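First comes the structure, then the notes that go with it.
The values are calculated or read from the model by the stated rules, or taken from the named source; none is laboratory data. Everything numeric in this text was worked out from a predicted model, so none of it was measured. Counting neighbours? That spans all protein chains shown, and the Cβs are built from the backbone with ideal geometry, glycine included. Surface areas here come from the heavy atoms of the whole protein model, side chains and all, with no ligands, DNA or RNA. Shrake-Rupley method; radii C 1.70, N 1.55, O 1.52, S 1.80 Å.
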Amino acid sequence: MTTAPVRPARLGGPFTALMACLLLSSLGNGLCFPFTSIYISELLGLGSGGAGGYFIAMAAASFAAALVGGPLADRAGPHRVAAAGGGALGVGYALLAPADAIWLVLVSGGCVGVGFGLFYASVVGVVDAAVPESRRRTAFTIRHIVNNAGIGVGSVVAGLALQGADTPAGVLRWLYLANAAAALPLVAVVWALRPRRTGRDTGAGAGADEGAAERPAAAGPTYRTLLRARPMALLVLAQALFAIVGFTQIEATVPLLLHDRMAVTLGWVSVVIAANSFALVALQPLGRRWFERLPETVSLAAGPVLWALAFGCGWLAVLLGDTGGPAARYGLLLAFAVLFAAGELTYSSAFYPLLLRWAGESATGRAGALASLAWNLGTATGPPLGLFVIAHASAGGSWAVLAAGAGAAFAVAAALHRRAASGAD
């Protein structure tokens with residue numbers, strides 16, 4: 001008697017719908033995010049103080065909302081908290097469209113911050129509810145790609161819409177309204193998803209065990225309890241470091257390093273950043289089986305190793321200078337973009353599955369909130385640190401410092417792997 005091979009469960013319709021709406025929402029964010037500081041300070045005439053006030057209000061509200069949203073997601077269900085967060089985002093962006101006074105700008109920033117805090121504290125549980133457990137790694141990798149692709153496409157669309165506009169403020173007001181509208185389908189699809197407490201790997205879809213989903217969850221571990229477990233504490237620390245030495249550097253530091261210190265034209269800076277986005281999409285199906293064959297802690301540690309190699313390509317491009325010719329120089333910069341994308345994929349396929357497994361179902365919201373807070377800490381501190389490095393080091397020295405930062409992130413990820421392998425708390 002032969003046994004039919006077991007096929008992996010499909011991601012299914014609920015996950016596809018969630019990713020489609022997330023892509024639309026991310027595209028809406030891309031329409032506005034790069035221009036918010038310019039819009040507030042120059043086009044609304046509120047100066048740098050007005051723009052700074054918006055981002056301060058957003059950061060403070062996001063921090064507070066994440067702390068509250070984590071336990072709330074564990075008690076009330078991540079779908080409810082994520083839907084509330086998406087609604088707050090829509091309201092915040094809609095308020096910024098007609099804003100003409102500082103108080104309305106601050107209210108908008110507060111609403112957007114509450115939206116981000118609630119949504120990112122609960123989205124881990126929402127994605128997990130849409131897929132069988134065996135497809136977690138693929139699901140979170142795709143989520144990372146969709147989010148980045150949406151923001152990239154939105155930025156391009158906004159740039160085209162603003163090109164040669166007689167009244168850029170008027171165009172941006174419509175873009176903020178479009179961003180608010182783009183959040184509505186995400187709110188609807190997130191609300192429809194229900195967390196599953198049983199039958200995790202049946203592939204039954206988001207509607208499985210509806211009754212269990214509606215019953216209140218038992219009180220889970222507190223933030224303090226989660227952080228007392230050494231693997232979880234190291235994982236949260238790794239999240240902050242990955243944001244500081246990796247993601248914020250390619251967004252904020254590397255473009256300036258290429259343009260100001262290496263005399264790379266703005267056109268080629270755009271090509272390098274676009275190559276990173278395209279590589280994320282191209283490498284996911286090619287590398288998925290290889291990434292997911294690795295243990296999750298090994299995959300997580302591989303991310304900063306690939307980033308160190310990527311930064312090394314930038315250092316080699318400086319070292320060669322003009323002696324290797326344009327082909328070698330720009331080839332190395334494109335290799336940087338591809339290697340960095342590979343590191344992003346190893347991270348995204350491992351981090352959230354580890355977070356879910358170690359937190360347990362009763363603390364998914366709190367664990368998601370800790371990850372969100374660590375990410376916010378990293379994105380707040382990473383750009384100033386990177387810009388400080390560029391201001392005080394040569395081009396080659398800047399790439400070397402970036403590689404050293406990736407080495408520090410690897411050290412934490414390696415310690416996490418050793419701790420997890422030993423089974424110690």
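Tallying residues that are open to solvent by less than 10 Å² (accessible area, probe 1.4 Å) and polar (S, T, N, Q) within the range 337-371 yields 3.
Among the residues of the range 120-144, the ones that are among the charged types (D, E, K, R) and within 12 Å of the chain's Cα centre (by Cα) come to 1 in all.
Looking only at residues of the range 342-387 that are more than 14 Å from the chain's Cα centre (by Cα) and of a type in the set (Ser, Thr, Tyr), we find that the one that is farthest from LEU118 (Cα to Cα) is THR381. Residues that are farther than 20 Å from ALA263 by Cβ, touching a residue at least 60 places away in the same chain (Cβ under 8 Å) and surrounded by fewer than 23 Cβ atoms within 10 Å (Cβ to Cβ) are absent from the range 317-331. Restricting attention to the range 230-239, which residues are open to solvent by 10 Å² or more (accessible area, probe 1.4 Å) and either free of Cβ contacts under 8 Å to residues at least 24 places away in the same chain or aliphatic (A, V, I, L, M) (or both)? The answer is ALA233, LEU234, VAL236, LEU237.
In the condition set (1) open to solvent by less than 30 Å² (accessible area, probe 1.4 Å); (2) under 26 Å from PRO168 (Cα atoms), ARG137 is compliant with all but (2). Scanning the range 31-46 for residues that are over 18 Å from TRP103 (Cβ atoms), surrounded by 17 or more Cβ atoms within 10 Å (Cβ to Cβ) and of a type in the set (A, V, I, L, M) yields a total of 1.
Report, by residue number, each residue of the range 1-27 that is at pLDDT 85 or above, open to solvent by 30 Å² or more (accessible area, probe 1.4 Å) and either more than 24 Å from the chain's Cα centre (by Cα) or hydroxyl-bearing (Ser, Thr, Tyr) (or both). Of everything in the range 1-27, just one residue is at pLDDT 85 or above, open to solvent by 30 Å² or more (accessible area, probe 1.4 Å) and either more than 24 Å from the chain's Cα centre (by Cα) or hydroxyl-bearing (Ser, Thr, Tyr) (or both), namely THR16. Based on this model, can you work out whether LEU387 counts as open to solvent by 30 Å² or more (accessible area, probe 1.4 Å) and farther than 26 Å from SER299 by Cβ? Yes: the conditions hold for LEU387.
Whether any residue in the range 227-247 is modelled with pLDDT under 85, charged (D, E, K, R) and out of contact with any strand residue (DSSP E or B) (no Cβ under 7 Å at 6 or more places or on another chain) is what I want to check. Scanning the range 227-247, I find no residue that is modelled with pLDDT under 85, charged (D, E, K, R) and out of contact with any strand residue (DSSP E or B) (no Cβ under 7 Å at 6 or more places or on another chain), so the answer is no.
Applying the condition of being of a type in the set (Gly, Ala, Ser) and under 16 Å from LEU193 (Cα atoms) to the range 123-134 and asking which residue is surrounded by the most Cβ atoms within 10 Å (Cβ to Cβ) yields ALA130. Residues in the range 37-67 that are of a type outside the set (Phe, Trp, Tyr) and in contact with a Leu (Cβ under 8 Å, 6 or more places away or on another chain): ILE40, LEU43, GLY50, GLY53, ALA57, ALA65, ALA66, LEU67.
Any residue that is crowded, with 21+ Cβ neighbours inside 10 Å, modelled with pLDDT of 80 or more and in a helix (DSSP H, G or I) - is there at least one of those in the range 158-167?
No; the residues of the range 158-167 include none that is crowded, with 21+ Cβ neighbours inside 10 Å, modelled with pLDDT of 80 or more and in a helix (DSSP H, G or I).
Considering the range 401-418, and only residues there that are open to solvent by 20 Å² or more (accessible area, probe 1.4 Å) and touching a Ser or Thr at 6+ places or on another chain (Cβ under 9 Å), the residue that is farthest from PHE242 (Cα to Cα) turns out to be ARG418.
Looking at ALA415, ALA404, ALA380, ALA400, just one residue is without any contact (Cβ under 8 Å) to a residue 24 or more places away in the chain, part of a helix (DSSP H, G or I) and of a type in the set (A, V, I, L, M), and that residue is ALA404.
Among the residues of the range 260-299, those that are open to solvent by less than 60 Å² (accessible area, probe 1.4 Å) and outside any helix (DSSP H, G or I) comprise VAL264, LEU294. Pairing residues of the range 47-58 that are more than 16 Å from VAL107 (Cβ to Cβ) and open to solvent by less than 60 Å² (accessible area, probe 1.4 Å) with residues that are part of a helix (DSSP H, G or I) and polar (S, T, N, Q), at Cβ distances under 7 Å and at least 6 apart in sequence or on separate chains, gives GLY47/SER41. Within the range 93-122, residues that are open to solvent by less than 10 Å² (accessible area, probe 1.4 Å) sit with their Cβ atoms under 7 Å from residues that are of a type in the set (A, V, I, L, M, F, W, C) and outside any helix (DSSP H, G or I), at 6+ positions apart or across chains, in these pairs: ALA99/LEU44; VAL105/LEU46; VAL105/ALA99; SER108/ALA99. Looking at the structure I just gave you, is LEU44 within 29 Å of PRO185 (Cβ to Cβ), touching a residue at least 12 places away in the same chain (Cβ under 8 Å) and more than 20 Å from the chain's Cα centre (by Cα)? So LEU44 passes the test.
Is it true that ALA76 is open to solvent by less than 40 Å² (accessible area, probe 1.4 Å), among the hydrophobic types (A, V, I, L, M, F, W, C) and more than 30 Å from ALA169 (Cβ to Cβ)? Judged against the criteria, ALA76 is a match.
Being aromatic (Phe, Trp, Tyr) and closer than 18 Å to PHE35 by Cα holds for only one residue in TYR176, TYR120, and it is TYR176. For first residues located in the range 246-259 and in contact (Cβ under 8 Å) with a residue 12 or more places away in the chain, partners that are part of a helix (DSSP H, G or I) and among the charged types (D, E, K, R) and lie 6+ apart or on another chain with Cβ distances below 8 Å form the pairs GLY246/GLU344; PHE247/GLU344.
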